[in-house]
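Here's the structure we're looking at; comments come further down.
Derivation of every value follows stated rules applied to the coordinates shown; laboratory data play no part. Please read all numbers here as calculations on a predicted model, not as lab measurements. So basically every Cβ, Gly included, is an ideal-geometry build from the backbone, and we count neighbours across all protein chains shown.
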């Protein structure tokens, strides 16, 4: 199924927005807590009070930007969803870069050697969480993990950490890259499964609304559409017309040619409806058996009756083409309309059109009769 504006990938993007929001909520505060631990362990308050406060404030602001403003609606246009994701990724990468700067400072400044164990432990935790939680976009996630973690293997050789620690950190960097790639692949598989389930759901929903023989809306879908269009007609003070059509002597088709020919007749009649009722917003339905319905929003009774007459005349003048040959068959049509400013309300528009159709039957068939709700 296609998404909004024909974009088949839009629901997938909306799912990514929802997943990104869920993964953003608490992560930013942990960077702030990590900085507080490092600052206290390294006596940043005593040596670099203003700088320490500035770094803490920056982490706090970046954490708040993760949750405000909130994400757009799931059915928002693609550019809106993409802009929100870009803003969130900018904040996430800025947080990663700031922590990378904190780690670099801690490893490069001998006065902060007491904070190095805490800084390294936080770095391992943050980089691991990043690899698991932000694997949605592989390229950006690799940049983020690199900003958080790479200062460790690059600067540890210049400290007294020792070769074993340096090698271990380097190996862990490779592990993080592999985990990130695997996590990204698993997330894409989840999205593929989500797409498949959504497509299957949409197919079932479509089939539940469509008459399988004619491809028109079924009675259930027609009723829901009538309710919706009725509300719109009342709200906008615009006319709404309904046609109920019944094929004349349809039983003879089944008796003379068989039920396969009868089914083909109904399918060809539905095709003729599509040819005739081309008005914008026209809703075509099979109501059951040989009975069909048409909703014509914006058309008054005269315009709807004219459209009904075109359908009747088309069937009378051009027989339906079946495999067995041309089939001459006629139709009786009832028309009912709501006129804003003249009618008290829509009432039972379907019943009025149905009664008008039966009047067309009783008046001799192959004709159009008009009533009002």
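I'd like to compare 328-336, 124-132, 82-90: which one has the highest average count of other Cβ atoms within 10 Å, and what's the full order after that? Numbers along the way, then the final one.
Numbers: 328-336: 22.8, 124-132: 19.8, 82-90: 15.4.
Per-residue Cβ counts within 10 Å, averaged per peptide and sorted highest first, yield 328-336, 124-132, 82-90.
Quick one: which of 271-281, 14-24 comes out on top by average Cβ neighbours within 10 Å, and what's the full order, highest first? Don't skip to the end; give the middle numbers.
Values: 271-281: 14.3, 14-24: 17.0.
Going from most to least packed, we get 14-24, 271-281.
Mean separation of Cα pairs under 8 Å and 6+ residues apart, divided by the residue count of the range 4-203: what relative contact order is that in percent? Don't skip to the end; give the middle numbers.
Working: 184 pairs, mean separation 44.9, N = 200.
Here the relative contact order equals 22 percent.
Helix-only estimate, please: 222 nm mean residue ellipticity of the chain, summing -39500 (n - 2.57) across DSSP H runs of length 4 or more and dividing by its residues, to the nearest 500. The partial results should precede the final answer.
Working: 14 runs with 239 residues, N = 373.
Mean residue ellipticity, 222 nm, calculated: -21500 deg cm²/dmol.
Bin width 10 Å, alpha-carbon pairs only: give the P(r) of the range 4-203 as whole percents, running from 0 to the bin holding the largest distance.
Spelled out per bin, shortest first, that is 8, 32, 30, 18, 8, 3, 0.
Which Rg and Dmax, in Å, describe the Cα atoms of the chain?
For the chain, the Cα radius of gyration and maximum Cα-Cα distance read 34.3, 105 Å.
Suppose the chain between residue 164 and residue 57 were pulled fully straight at 0.36 nm per residue; how much longer would it get relative to their current alpha carbon spacing?
Values: separation 107, 0.36 × 107 = 38.52 nm, distance 3.53 nm.
Gain in length upon complete extension: 35.0 nm.
Please report the spacing between the Cα centers of the range 6-72 and the range 220-283 in Å, no decimals.
57
If you line up the long axis of helix 49-65 against the longest principal axis of the chain, both from Cα atoms, how many degrees apart are they, to the nearest 10?
Helix 49-65 sits at roughly 10 degrees to that axis.
Considering Cα pairs under 8 angstrom that are at least six residues apart, work out the relative contact order of the range 191-350 and quote it in whole percent. Show your work: numbers first, answer last.
Working: 230 pairs, mean separation 48.7, N = 160.
Relative contact order, the range 191-350: 30 percent.
Taking the chain as the reference, fit the longest principal axis to its C-alpha atoms, fit the long axis of helix 78-108 to the helix C-alpha atoms, and give the angle between the two in degrees, 0 to 90, nearest 10.
So the inclination is approximately 10 degrees.
Sequence gap at least 6, Cα distance under 8 Å: using those rules, report the relative contact order of the chain to the nearest whole percent. Kindly include the intermediate steps, with their values, before the conclusion.
Numbers: 522 pairs, mean separation 45.6, N = 373.
Rounded, it is 12 percent for the chain.
Direction-averaged shadow area of the convex hull around the Cα atoms of the range 167-240, nm²?
Quarter of the Cα hull surface area: 9.1 nm².
Using only Cα atoms, find the angle between the long axis of helix 138-149 and the longest principal axis of the chain, and express it within 0 to 90 degrees, rounded to the nearest 10.
So the helix axis and the longest Cα principal axis differ by about 20 degrees.
Counting other C-beta atoms within 10 Å, which of 31, 187, 194 has the fewest, and how do the rest follow?
Details: 31 23, 187 18, 194 14.
If I rank by nearby Cβ atoms, fewest first, I get 194, 187, 31.
Tell me, what is the FRET efficiency for residue 80 and residue 328 to the nearest 0.05, using R0 = 56 angstrom and their Cβ-Cβ distance as r?
The pair residue 80/residue 328 has a calculated efficiency of 0.50.
Put a dot 7 Å past each Cα toward the Cβ at residue 213 and residue 26; how far apart are the dots in nm?
Label-label distance for residue 26 and residue 213, simple model: 5.9 nm.
Relative to the present Cα-Cα distance, how much length would full extension add between residue 94 and residue 275 at 0.36 nm per residue of separation?
59.3 nm
What is the order of 260, 300, fewest Cβ neighbours within 10 Å to most? Spell out each step's value before the answer.
Values: 260 12, 300 17.
Listed from fewest to most nearby Cβ atoms, that is 260, 300.
State, to one decimal in nm, how far the label point of residue 228 lies from the label point of residue 254, with both points 7 Å from Cα in the Cβ direction.
So the two model labels end up 3.2 nm from each other.
How many nm separate the modelled label positions at residue 33 and residue 154, each set 7 Å beyond the Cα in the direction of the Cβ?
That separation, rounded to one decimal, is 2.8 nm.
Roughly how far apart, in whole Å, are the Cα centres of the range 293-318 and the range 116-181?
72
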